[in-house]
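Participant: For reference, the structure I am asking about is given below.
The values are calculated or read from the model by the stated rules, or taken from the named source; none is laboratory data. In this text the structure is predicted, and so the values were computed from the model without any measurement. Neighbour counts run over all protein chains shown; Cβ positions are idealised from the backbone, glycine included. The protein model used for the area step is the full one, side chains on, heavy atoms only, and it has no ligands, DNA or RNA in it. Shrake-Rupley method; radii C 1.70, N 1.55, O 1.52, S 1.80 Å.
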Amino acid sequence: MTIDATAAAEMLASHKRERFRWKSFYSSDAMISLLGFVLLAGTWEAAVYLFKIPDFILPAPSAIVMSLYSGLVSGVFIYNFLVTAFQTLVGFFVAAIIGTALGAAVAQFRVIERVVYPWLVALQTLPKSLWLR
């Protein structure tokens, strides 16, 4: 039994089209992610309900969605977001200005480099979370 090249190419192309159609519909990344999320949220909701887990320990996904909705509708989240964004930007610009000035001074003056540079290196070894306390 022999198959000529054009028939083989057509069979392969047809097989690839069928495989692509099936793969793109049933096993797309979006479908798998959505199914996994729904399964996780459903299991979580059922576990909270069946085991009567208190809300302060593990709230149900439905309670989280309700809280998110009420926070967005009331404007509390937006106000707090704007305050946080403002504080972050001000802190960034203040640090950039001080850092640039200090870096220029260290680069230009040997005395400042000898005094300040060891402290800068020592401060870099500290965890960033320590600065917030």
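Participant: Restricting the search to the stretch 29-77, which residues are open to solvent by 70 Å² or more (accessible area, probe 1.4 Å) and either among the polar types (S, T, N, Q) or touching a Gly at 6+ places or on another chain (Cβ under 6 Å) (or both)?
Facilitator: Ser33, Thr43, Ser74, Phe77 - these are the residues of the stretch 29-77 that are open to solvent by 70 Å² or more (accessible area, probe 1.4 Å) and either among the polar types (S, T, N, Q) or touching a Gly at 6+ places or on another chain (Cβ under 6 Å) (or both).
Participant: What residue, of Thr125, Thr88, is modelled with pLDDT of 95 or more and of a type in the set (S, T, N, Q)?
Facilitator: Thr88
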